[in-house]
Ligand code: 5AD
Ligand code: SF4
């Protein structure tokens, strides 16, 4: 029988799939477990609890998470008192079906239940009562979720179904979160949301929020991801253009270069409008990366050519390219698929085109002076999100003015 005065700390191993939003959600879920006496481990063998936070945006992502769950069967059999928590977007989509297939799964917590996670954990009776979370020294980089969910209905996308409609956090709560993280050592904050620049809290706009986060003591740089093109208005750019703390990089998914396909995807903009936005962002000094989907069901050769020419025209610093993956329940999943051969061929062509983009963005910095936020003693990133290695060592978290002397692939060198 266990001694009541001796409480063993549960060790949690976290496996996160998917986007930065999921990384932030994993951190939040861990904080609840930590308040219930858990500590983190990076070794699965010595863990008492595994938290799998999942993604379902493409079939492949979901498959990876579910097969990891399958592999945990053996881990659980070795010691049945071990606990498996399966959370996030794939958990939301697959729901109870999973519990049937994997009866050794202890806690299922879908993406819509993130605000309810503490309650779900308590209901399970597998953790002790909540105290205060163990104080953790925040790293130099920290995330702050500012909104959850999405009000768009892009026809290929499962996110609105698994994350629900937009809920914006109150501005004061976000600022309190940022102050806490800054007090613990964070210098750079990334604001997160599925359509992050749609943020609104009463009269507080997204641009207001960015400026206010930049005013928090200790914060040197503010990033955000992922924005939607339609919310980059001239008002937004006017409000942020003179604030050097707002990082000069945006990840702005375009998805297709064809106005016809964009309409069928229900993206809410044309090729021309997208290019107006990127031109305006470039004029304010922003580097732009993007996401592109190839092989949407209605995409013709001519549409695909339009995507290739948009890449030539838009001046992206990087592009992440995906083969279209039908997601059950979305409007596009009812359309006739293109053949896998076509998808693969188009992906290949596009990957060849985008391969040199980053190298060019890096090369363009040689000879300039860049503010670099040091993440290790001799490595950090520019405001435009490019990596710099320095010859001298600097305190982690400091911002230095570095003269860029040369570029090798995706690394800049400074004295
Ligand atoms: N198939 C392929 N890619 C997709 N994405 C979202 N849904 C799908 C899908 N059904 C891509 C988009 C998005 C990124 C996170 O994933 O490019 O920006
Ligand atoms: Fe999905 Fe479109 Fe919402 Fe992005 S904006 S999460 S692609 S529905």
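When the residues of the stretch 91-121 are filtered to those that are touching a residue at least 40 places away in the same chain (Cβ under 8 Å) and part of a helix (DSSP H, G or I), the one that is nearest to the chain's Cα centre (by Cα) is 111. Considered as a group, the residues in the stretch 343-365 that are part of a helix (DSSP H, G or I) and within 23 Å of residue 285 (Cα to Cα) include one that is nearest to ligand 2 (Cβ to nearest atom), and that residue is 354.
Residue count for the stretch 258-273 under the criterion of being within 23 Å of the chain's Cα centre (by Cα) and within 13 Å of ligand 1 (Cβ to nearest atom): the result is 4. Applying the condition of being more than 22 Å from residue 323 (Cβ to Cβ) and in contact with a helix residue (DSSP H, G or I) (Cβ under 6 Å, 6 or more places away or on another chain) to the stretch 153-170 and asking which residue is nearest to ligand 1 (Cβ to nearest atom) yields 163. If the condition is being crowded, with 17+ Cβ neighbours inside 10 Å and either away from ligand 2 (no atom under 16 Å from the Cβ) or in a strand (DSSP E or B) (or both), then the stretch 141-168 contributes 141, 142, 143, 144, 145, 147, 148, 168. Determine, yes or no, whether residue 301 is over 14 Å from residue 347 (Cα atoms), out of contact with any strand residue (DSSP E or B) (no Cβ under 9 Å at 6 or more places or on another chain) and more than 16 Å from ligand 1 (Cβ to nearest atom). So residue 301 does not fit the description; no.
Within the stretch 207-246, the residues that satisfy the criterion of being within 18 Å of the chain's Cα centre (by Cα) and either within 16 Å of ligand 1 (Cβ to nearest atom) or farther than 20 Å from residue 371 by Cβ (or both) are 224, 225, 226, 227, 228, 229. Taken over the stretch 308-337, the criterion of being away from ligand 2 (no atom under 16 Å from the Cβ) and touching a strand residue (DSSP E or B) at 6+ places or on another chain (Cβ under 9 Å) is satisfied by 310, 311, 314, 315, 316, 317, 318. On inspection, residue 132 fails the criterion of being assigned to a helix (DSSP H, G or I) and away from ligand 1 (no atom under 16 Å from the Cβ). From the residues in the stretch 313-322 that are at negative phi and without any contact (Cβ under 8 Å) to a residue 40 or more places away in the chain, which one is nearest to the chain's Cα centre (by Cα)? Per the stated criteria, the residue is 320.
The strands (runs of 3 or more DSSP E) falling completely within the stretch 10-75 that include 1 or more residues that are within 16 Å of ligand 1 (Cβ to nearest atom) map to 10-16, 49-54.
Can you say whether residue 214 is surrounded by fewer than 22 Cβ atoms within 10 Å (Cβ to Cβ) and at positive phi, as far as the supplied structure shows? The answer is no for residue 214. Residue pairs whose Cβ atoms lie under 8 Å apart, separated by 6 or more positions or on different chains, with the first residue in the stretch 327-342 and closer than 13 Å to residue 300 by Cα and outside any loop (DSSP other than H, G, I, E, B) and the second within 13 Å of ligand 2 (Cβ to nearest atom) and at pLDDT 95 or above, do not occur.
Go over the candidates 101, 82, 93 one by one and state the one that is surrounded by fewer than 22 Cβ atoms within 10 Å (Cβ to Cβ) and closer than 16 Å to residue 14 by Cβ.
Numbers: 101 fails: closer than 16 Å to residue 14 by Cβ; 93 fails: closer than 16 Å to residue 14 by Cβ.
Answer to the check: 82.
Being assigned to a helix (DSSP H, G or I), away from ligand 2 (no atom under 16 Å from the Cβ) and either touching a residue at least 60 places away in the same chain (Cβ under 8 Å) or buried (at least 21 other Cβ atoms within 10 Å of the Cβ) (or both) is the filter here; which residues of the stretch 272-302 pass it? Answer for the stretch 272-302, where residues must be assigned to a helix (DSSP H, G or I), away from ligand 2 (no atom under 16 Å from the Cβ) and either touching a residue at least 60 places away in the same chain (Cβ under 8 Å) or buried (at least 21 other Cβ atoms within 10 Å of the Cβ) (or both): 278, 281.
The values are calculated or read from the model by the stated rules, or taken from the named source; none is laboratory data. In this text, all values refer to a predicted model and were calculated from it rather than measured experimentally. Positions of Cβ are backbone-derived with ideal geometry, glycine not excepted, and every protein chain shown enters the neighbour counts.
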